[in-house]
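Written out below as structure tokens is the structure these notes cover.
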Amino acid sequence: VRRLPVLAAALLVAALLVAGCGIQPSGVTEVGDAPPTGVAAGVTLYLVDDEHHLVPDQRETGQLGTTVEALALLLAVSDQPELHTEIRDTSVTRVFVQIVPGLITLRVPLTRSDMTATGVDQIVCTAIASVVQAGASRATKVNIQFTEAPAADQQSLRTCPVIK
Amino acid sequence: VTRRLRPRTGLRLRLLAAFLLVTVLAVAGTAWSSARSATASLVAAAQQQLTDAVTVQVEALAPNVRYPPDQDALDRLRAAVGPGALVTYRNLRSADGAGAGLVTDAVRAAVRTRGRVAVQRVAAGGNPWLLIGTPLMITPPAGAPRPSGIEVYAVRDLSAVQMQIQKVVWSGVRTAGLAVLVAVLVSVVAASSVLRPLSGLRDHARRLAAGDLEARAEPRGADELAYLAVTFNQMAASLQASITTMQRMETDAKRFAADVAHELRTPLSTLTAVVEVLSLAAGDMEADVRESVQLAVTEVQRLVRLIEDLMEVSRFDAGTAELRLEDVDTSRAVQDCLHARGWADLVDFTASGSATSRLDRRRLDVIVANLVGNAVRHGRPPVGVHVEVTPESVRVEVTDDGPGVPERVLPHVFERFYKNDPARTRTPGSGLGLSIALANARLHGGDITAANRPGGGASFVLRLPQGREGS
């Protein structure tokens, strides 16, 4: 007779145990992660105005696309009223791009002498803008390798002066 | 025979139950809390992994999605997220079958208004599901991200996690069961170690109760139970000592009474002879001297009767009284008794049945003489004696028409020297008559009962059973 309450308690506890351990429905909880990004109406290229300032110029391509595509557009761009490029025209617009988190490595089909210092910034800013819009950090650095250039330039890590 | 209590099971069950209860509670509590934390971390890990997978998939495809998107762009995005997905942009919507229907308004509201990744667990079709909702952002090169208006929802099945949790829980339950089993074994051993000395003590107490004053327990160890056994032994020893003392005192008192009676017999017979001589010479004496002599004679006769009664009682006490059974015509024996004492005229004698009985004739005479003598002395005539003999028993009823026996006295009438009225000590009887009558009846295996008749007067009924030899 005395065993009954013990048994009942044991069964109750066991039932609670099994019942309390399934996956229960929950309310809505927000997750700390940043939401995904990467859509855009077009590519942002960096050109130079008459006062030698870098200016973003969005091309309505309909999508953000890749860094390779953005740089190809930049190398192929022609001067416009009030905006110009300080990179010499070239028929080869294909840039080798390697991206790891925090670092973009570029191999451009030009020599260092094919562009001004602002022209180098044009390339750096366009590359950084394309990865930042796709969700990368604004602190990403760029390593540009020219077809021929002083050794010091080959190793330097550059940042864009207008993207901070 | 006293009712035997249910042996041991009560205490053993209680000990076992207490042990079991404590173990079950402890094990269940531990298992429950660990299973809960395991569940929580499993679910959290699964949620994190599924959510990360969705955002990574979306982010990988986003640069190739046209913006503002058309239906085709939404379909491609939805396909990239996998089965059970819903992608919306303003009025456009790309849904994939069953899972998309589970997306709740609560999640959509959280994604739309807060612009954050939101998750919710729901149950559907008996399975747990995880709803993941996220807005797709536009991040300008310079400036804060803003919602693009594209929202991606994914529905993921959590059944696999559920099964993993159940495995954890069942292994916990199995472990708990084993622990309880071990606890039962341990508690059985522990209970036995407590109950074995107890049952030994109970056996000794039972022997003591049955009259074996030599019963002693053997204390083992140095715990409370051993102390109990020692105390029990002390109790038994002091009980034995006091009972022995009482028995010795009682024996001494009885022997003293017997010795006194015996020692008084010789001088008393001399005294009787002297008194008889005196009474013969009384005729020549002065009147007042003669009266004194008569008084002396009466008192000496009473003293002789008292001594004889005392000796009779001593024989009963010493256990030396013997039954001498013979075939007796009961009604004739009673009549003889009445005639011998000169009561034939005072008594209404009736009898029914006249078979002979196996009785001790002398003792029957003593009983009847005492009962009738008592009625003649204390009651009023007519005294009635009715004898009824059946093959099973002899019944002799003695009645009188006196005031009866007071209710207060009735339970004590058979006690030795019991006096109804303490002031009236000088009655002709010795005060032992009814007690001797009862002792004789009991020797036959019979009994005497005293009662008052409804119409007044006392009634003493003697019953002697037949068909048994001695007692």
> Consider B:T244 against the criteria (1) under 35 Å from the mean Cα position of the chain (by Cα); (2) at pLDDT below 90: it satisfies all of them except one. Which criterion is unmet?
Replying inline: (2)
>> Test of understanding: among B:R66, B:R36, which residue is within 8 Å of chain A (Cβ to nearest Cβ) and over 60 Å from the mean Cα position of the chain (by Cα)?
In response: B:R66
>> Quick check on the range A:86-94. Is at least one of its residues crowded, with 16+ Cβ neighbours inside 10 Å, at pLDDT 90 or above and within 14 Å of chain B (Cβ to nearest Cβ)?
In response: no
> What's the number of the condition B:S199 fails, among (1) farther than 30 Å from B:T39 by Cα; (2) within 14 Å of chain A (Cβ to nearest Cβ)?
Replying inline: (2)
>> Of the residues B:R248, B:R290, B:R324, B:R332, only one is in contact (Cβ under 8 Å) with a residue 24 or more places away in the chain and among the basic types (K, R); which?
In response: B:R324
>> Tell me yes or no: at least one residue of the range B:147-167 is in contact (Cβ under 8 Å) with a residue 60 or more places away in the chain, within 7 Å of another protein chain (Cβ to nearest Cβ), closer than 17 Å to B:Y89 by Cα and touching a strand residue (DSSP E or B) at 6+ places or on another chain (Cβ under 7 Å).
In response: yes
>> For the range A:80-88, check the following and say yes or no: at least one residue is more than 30 Å from B:G126 (Cα to Cα), over 17 Å from the mean Cα position of the chain (by Cα) and among the polar types (S, T, N, Q).
In response: yes
> When only residues in the range B:60-81 that are in contact with a strand residue (DSSP E or B) (Cβ under 7 Å, 6 or more places away or on another chain) and of a type outside the set (A, V, I, L, M, F, W, C) count, which is farthest from B:R121 (Cα to Cα)?
Replying inline: B:Y67
>> Test of understanding: among B:R4, B:R14, which residue is away from chain A (no Cβ under 11 Å), at pLDDT below 85 and more than 30 Å from A:P35 (Cα to Cα)?
In response: B:R4
>> Restricting to the range B:19-33, give me the number of residues that are under 31 Å from the mean Cα position of the chain (by Cα) and within 8 Å of chain A (Cβ to nearest Cβ).
In response: 3
>> Anything in the range A:25-72 that is more than 7 Å from chain B (Cβ to nearest Cβ) and part of a loop (DSSP other than H, G, I, E, B)? List them, or say none.
In response: A:G32, A:A34, A:G42, A:D50, A:E51, A:H52, A:H53, A:E60, A:T61
>> Against the definition (at positive phi and more than 8 Å from every other protein chain (Cβ to nearest Cβ)), how does B:G115 come out, yes or no?
In response: no
>> Take the conditions assigned to a strand (DSSP E or B), more than 51 Å from the chain's Cα centre (by Cα) and crowded, with 17+ Cβ neighbours inside 10 Å and apply them to B:V328. Does it pass?
In response: yes
> Looking at (1) without any contact (Cβ under 8 Å) to a residue 60 or more places away in the chain; (2) within 21 Å of B:I165 (Cβ to Cβ), can you tell me which one B:I132 breaks?
Replying inline: (1)
> How about the range A:98-107: which of its residues are out of contact with any strand residue (DSSP E or B) (no Cβ under 6 Å at 6 or more places or on another chain) and surrounded by 17 or more Cβ atoms within 10 Å (Cβ to Cβ)?
Replying inline: A:I99
>> Regarding the range B:76-99, can at least one residue be identified that is touching a Phe, Trp or Tyr at 6+ places or on another chain (Cβ under 9 Å), within 9 Å of chain A (Cβ to nearest Cβ), buried (at least 18 other Cβ atoms within 10 Å of the Cβ) and part of a helix (DSSP H, G or I)?
In response: no
> For the range B:39-53, how many residues are in contact with a helix residue (DSSP H, G or I) (Cβ under 8 Å, 6 or more places away or on another chain) and within 8 Å of chain A (Cβ to nearest Cβ)?
Replying inline: 2
>> Restricting to the range B:118-146, name every residue that is hydrophobic (A, V, I, L, M, F, W, C) and either facing chain A (nearest Cβ under 9 Å) or surrounded by 18 or more Cβ atoms within 10 Å (Cβ to Cβ) (or both).
In response: B:A118, B:V119, B:V122, B:A123, B:W129, B:L130, B:L131, B:I132, B:L136, B:M137, B:I138, B:A142
> Any residue in the range B:224-238 that is among the β-branched types (V, I, T) and over 60 Å from the mean Cα position of the chain (by Cα)?
Replying inline: no
> Does B:G384 meet the test of being on the phi > 0 side of the Ramachandran plot and either without any contact (Cβ under 8 Å) to a residue 60 or more places away in the chain or of a type in the set (S, T, Y) (or both)?
Replying inline: no
> Taking A:L75 and the conditions (1) over 18 Å from the mean Cα position of the chain (by Cα); (2) within 13 Å of another protein chain (Cβ to nearest Cβ); (3) more than 28 Å from B:E151 (Cβ to Cβ), which numbered condition does it fall short on, given that it satisfies the others?
Replying inline: (2)
> Restricting the search to the range A:118-150, which residues are among the polar types (S, T, N, Q), part of a helix (DSSP H, G or I) and either within 14 Å of chain B (Cβ to nearest Cβ) or crowded, with 20+ Cβ neighbours inside 10 Å (or both)?
Replying inline: A:Q122, A:T126, A:S130, A:Q133
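The values are calculated or read from the model by the stated rules, or taken from the named source; none is laboratory data. Just so it is clear, the model here is predicted, and its values are computed rather than measured. In this analysis, Cβ positions are derived from the backbone assuming ideal geometry, glycine residues included, and neighbour counts consider all displayed protein chains.
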